[in-house]
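Undergrad: Take a look at this one; I'll ask things after.
The values are calculated or read from the model by the stated rules, or taken from the named source; none is laboratory data. Owing to the predicted nature of the structure, the values given are computational and were not obtained by experimental measurement. In this analysis, Cβ positions are derived from the backbone assuming ideal geometry, glycine residues included, and neighbour counts consider all displayed protein chains.
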Amino acid sequence: MAASFLIIGLGRFGTNLALRLMESGNEVMVIDNNEESIDHIAPFVTQAKIGDCMDEEVLRSLGVDGFDFCFVCISEQFQSSLEITSLLKELGAPMVISKADRDLHARLLLKIGADEVVFPERDMAQRTAMRFSVNGALEYIELAPGYAIFELAVPEAWVGKSLLELDVRNKWNVNIIGCKEDGAICPITAASYTFQAGTHILVAGGAKDVATMMK
């Protein structure tokens with residue numbers, strides 16, 4: 001079932017967030033006080049409005065309590081972000097997620113009502129660093145700081161060998177949990193599983209351990 005989103009602020013993060021949410025089949029309303037930004041994105045979202053969300057009446061007119069999620073994507077003017085976050089909660093928005101660039105800003109946003117705070121630039125830097133720290137990483141899902149599931153191409157030296165032969169758990173302290181073939185993910189549970197060229201594998205472990213293994 002599709003969720004409904006209100007995106008306030010159409011900087012790079014707000015714009016890309018709105019477009020990705022639409023691609024996932026959600027309903028997305030965007031609002032910004034810049035007419036050019038609204039004109040640019042209007043054909044690609046459910047609704048697009050020009051307005052100043054510092055004005056309580058503008059926010060009230062949007063029916064913010066009817067959205068599943070409200071994103072405040074304004075960080076250049078932090079005072080505006082604070083006031084809009086606070087107003088959203090006062091008007092009954094059930095889930096408010098605000099963008100921040102600093103830890104201090106995050107603490108203040110949470111204190112005045114934000115349900116969650118995101119750090120897009122920091123998170124992207126961390127994501128890029130982790131991906132490129134592991135040679136050959138195609139994708140990863142972070143489970144905890146420094147620990148993730150990585151999608152990797154089967155190393156050439158592994159082709160034709162079994163999971164038992166390679167003994168990756170004891171050698172590198174990681175677990176091979178599945179493989180990906182033709183877009184489908186299949187769990188690997190048998191020690192007799194033999195690695196094939198062109199297959200992608202899913203490896204769970206610490207980033208440093210996975211990086212060492214791939215070297």
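Undergrad: Among D52, D32, D65, which is the only one that is among the acidic types (D, E) and under 25 Å from M124 (Cα atoms)?
TA: Of the residues listed, the single one that is among the acidic types (D, E) and under 25 Å from M124 (Cα atoms) is D32.
Undergrad: Restricting to the range 96-111, and then to whatever is surrounded by 16 or more Cβ atoms within 10 Å (Cβ to Cβ) and either of a type in the set (S, T, N, Q) or assigned to a loop (DSSP other than H, G, I, E, B) (or both), can you tell me which residue is modelled with the highest pLDDT?
TA: Once the filter is applied, the top-ranked residue is S98.
Undergrad: Sticking with this structure for a sec: A48 - would you say it is more than 17 Å from V96 (Cβ to Cβ), of a type outside the set (S, T, Y) and part of a strand (DSSP E or B)?
TA: Details: more than 17 Å from V96 (Cβ to Cβ): yes; of a type outside the set (S, T, Y): yes; part of a strand (DSSP E or B): yes.
Yes, satisfied.
Undergrad: Hey, another quick one. Please go through the range 144-172 and give me each residue that is aromatic (F, W, Y) and touching a strand residue (DSSP E or B) at 6+ places or on another chain (Cβ under 6 Å), ordered by number.
TA: Selection gives Y147, F150.
Undergrad: Mind checking which residues of the range 112-160 are out of contact with any His (no Cβ under 8 Å at 6 or more places or on another chain), assigned to a loop (DSSP other than H, G, I, E, B) and not acidic (D, E)?
TA: If the condition is that a residue be out of contact with any His (no Cβ under 8 Å at 6 or more places or on another chain), assigned to a loop (DSSP other than H, G, I, E, B) and not acidic (D, E), then I112, G113, A114, F119, V134, N135, G136, P145, G146, P155, V159, G160 are the ones that fit.
Undergrad: Looking at (1) at pLDDT below 95; (2) outside any helix (DSSP H, G or I); (3) in contact with a Cys (Cβ under 6 Å, 6 or more places away or on another chain), which is the one condition that is false for M54?
TA: (3)
Undergrad: Answer yes or no: is there a residue in the range 77-84 that is of a type in the set (F, W, Y), at pLDDT below 95 and surrounded by 14 or more Cβ atoms within 10 Å (Cβ to Cβ).
TA: Checked the range 77-84: at least one residue is of a type in the set (F, W, Y), at pLDDT below 95 and surrounded by 14 or more Cβ atoms within 10 Å (Cβ to Cβ).
Undergrad: When E36 is evaluated against the numbered criteria (1) free of Cβ contacts under 8 Å to residues at least 12 places away in the same chain; (2) touching a strand residue (DSSP E or B) at 6+ places or on another chain (Cβ under 7 Å), which criterion, by number, is the only one it fails?
TA: Unmet for E36, out of (1) free of Cβ contacts under 8 Å to residues at least 12 places away in the same chain; (2) touching a strand residue (DSSP E or B) at 6+ places or on another chain (Cβ under 7 Å): (2).
Undergrad: Would you be able to say whether some residue in the range 39-62 is touching a strand residue (DSSP E or B) at 6+ places or on another chain (Cβ under 7 Å) and of a type in the set (K, R)?
TA: yes
Undergrad: A further question follows. Regarding M124, is this residue modelled with pLDDT under 90 and touching a helix residue (DSSP H, G or I) at 6+ places or on another chain (Cβ under 7 Å)?
TA: no
Undergrad: Among (1) of a type outside the set (D, E, K, R); (2) in the same structural domain as Q47 (by TED's automatic domain parsing); (3) part of a helix (DSSP H, G or I), there is one condition G92 misses while meeting the rest; what is its number?
TA: Condition (3) is where G92 drops out.
Undergrad: Additional query: So how many residues does the range 138-165 have that are free of Cβ contacts under 8 Å to residues at least 24 places away in the same chain, under 19 Å from I188 (Cα atoms) and in contact with a helix residue (DSSP H, G or I) (Cβ under 8 Å, 6 or more places away or on another chain)?
TA: Residues meeting the conditions: 2.
Undergrad: Looking at (1) surrounded by 12 or more Cβ atoms within 10 Å (Cβ to Cβ); (2) of a type outside the set (K, R); (3) more than 28 Å from the chain's Cα centre (by Cα), find the lone condition where G178 falls short.
TA: (3)
Undergrad: Tell me which residues, restricted to the range 57-67, are part of a helix (DSSP H, G or I) and not charged (D, E, K, R).
TA: V58, L59, S61, L62, V64, G66
Undergrad: Considering the range 34-62 alone, what residues qualify as being of a type in the set (S, T, N, Q) and either more than 22 Å from M22 (Cβ to Cβ) or in contact with a Ser or Thr (Cβ under 8 Å, 6 or more places away or on another chain) (or both)?
TA: Correct list: S37, S61.
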